[in-house]
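Just so it is clear, none of the values below were taken in a lab; they were calculated from the coordinates. Predicted model only: the values in this text are computed from it and were never measured. Here the Cβ positions follow ideal geometry from the backbone for every residue, glycine too, while neighbour counts run over all protein chains shown.
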Amino acid sequence: MGQHVERLKRGLPLLKYLQQQNWTGQRAGRFEYVGLCPLHEETRPSFYVNTRKDVFYCHGCGQGGDLIRFVQLSRQLSFRQSLAYLDPQAVQAADSTALLEQTAAFYQQQLDHYPEAVSYLHRRGIHDPALIRELRIGYAPGGNLRRYLTLQGHSFAVLRRAGLINAQGTDALYQRIVFPLGPGEHIVNLYGRSIGVAFAHRFLPGSKGGLYAWEKVRHCSAVILVEGLFDYAALRQAGFCNVTCSLGTHLNTDQFRQLCDGPPTVYVAFDDDANQSGQRATEQLAHQLAAHGVSVRRVLLPERHDPNSFFVQGEDAHRFHSLLEAARP
Ligand SMILES: [Zn+2]
């Protein structure tokens, strides 16, 4: 929400808004204008606008604040209504973030109530409660999200637009372990891993965002890049802090740029696939990154393994360190 307000205010300075509303002010200083107060009746100007701080203050009625505050006072709107009045798009974006936030929190609460979800995590070797909390891993049992969010006041149309429910009105994520996707605390999408027979990977419509948990590793001297969130979780649990995840072997433009502008060394630890797809993706990415001056090391996992299964089969951090040391350019 805060980010959206800042963006909105950057796009529409207070003075510009006032002028659009036919307010006229005289220059009263390097960053100051003064004129008649639009908020109360007066004949001598006491309404000051500071363009550097982008705020107003009236010595007559004592009111002051920023653009949003001015709209609240002059139109008698609430904070949210003022935002909607100023920029419907900004509000829609803020609403969608709030909706995903509520959804993620709901799925997080569900996790402990479904033994099949917890045992799936354990089968994938993920058991550290602190890490599960930190990554905000949840469970979408299916069939109860729509009702919950409707009770929270969200309309069918809003849930549909976010892709949280299908056209038939059923939950889109069904029997899936859910990871909220950042950046940071700002959720832009959800990833759902099926624990049943459905197609393994599912995202909500829209961008999957940048590299997973990028803000934690962007200043490291080297990062380990994996393709799946379970690989990520396994490495984090094993004590590796400098891990990030591209959510698939195909990096989007944002993700690629992050790697180019980020740590000087990237260890690529994609899956060792029977059909060679992980290996081919590694080769391709290594070439592209090298062309941008990034030093790439290819981590060779044992045949048919990914970092997650590597740890599940009983290997430890020490052994993975050896793989990193043996990684070739
Ligand atoms: Zn006033």
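Some values worked out for this structure:
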{"quantity": "Gain in span if fully extended, Thr265 to Asp66, counting 0.36 nm per residue against the direct Cα distance", "calculated": "67.2 nm"}
{"quantity": "Potential extension, Ala167-Gln102 segment - 0.36 nm per residue separation minus Cα distance", "calculated": "21.3 nm"}
{"quantity": "Least to most buried among Arg44, Arg319, Arg236 (fewest other Cβ within 10 Å first)", "calculated": "Arg44, Arg319, Arg236"}
{"quantity": "Reach of Lys208 by Cα under 24 Å, taken over lysines that are not fewer than 8 positions away in the same chain", "calculated": "Lys216"}
{"quantity": "Proportion of all alpha-carbon pairs of region 73-181 beyond 17 Å (%)", "calculated": "59"}
{"quantity": "Nearest-20 debye value, region 78-172 charge dipole, Cβ charges on Lys, Arg, Asp, Glu", "calculated": "180"}
{"quantity": "Residue-by-residue Karplus 3J(HN,Hα) for region 27-42, coefficients 6.51, -1.76, 1.60, Hz, glycine and proline x", "calculated": "4, 10, x, 4, 10, 10, 10, 9, x, 5, 6, x, 9, 8, 6, 7"}
{"quantity": "Qualifying lysines (Cα of each under 25 Å from Cα of Lys53; at least 8 residues distant if same chain)", "calculated": "Lys9, Lys16"}
{"quantity": "Sequence-distant residues sharing a close amide H with Asn189 (under 5 Å, placed H)", "calculated": "Leu181"}
{"quantity": "Estimated inter-spin distance, Glu303 and Arg27, nm [label 7 Å along Cα→Cβ]", "calculated": "7.9"}
{"quantity": "Computed label-point distance, nm, for sites Asn275 and Gln109 using a 7 Å Cα→Cβ extension", "calculated": "4.1"}
{"quantity": "Projected area, mean over directions - region 176-237, Cα convex hull, nm²", "calculated": "4.7"}
{"quantity": "Rounded to 10°, Cα long-axis angle of helix 317-326 versus longest principal axis of the chain", "calculated": "90"}
{"quantity": "Reciprocal of mean inverse Cα separation for region 203-329 (Kirkwood radius, Å)", "calculated": "14.5"}
{"quantity": "log10 of Debye I(q)/I(0), alpha-carbon scatterers only, for the chain at 0.07, 0.08, 0.13, 0.14 Å⁻¹", "calculated": "-0.42, -0.53, -0.97, -1.05"}
{"quantity": "Note, ³J(HN,Hα) from phi for region 113-119, Karplus 6.51, -1.76, 1.60, rounded to Hz, x at Gly and Pro", "calculated": "8, 10, x, 5, 6, 5, 6"}
{"quantity": "Value of relative contact order over region 89-219, rounded to a whole percent, pairs C-alpha under 8 Å and six or more apart", "calculated": "22"}
{"quantity": "Computed label-point distance, nm, for sites Phe156 and Thr43 using a 7 Å Cα→Cβ extension", "calculated": "6.1"}
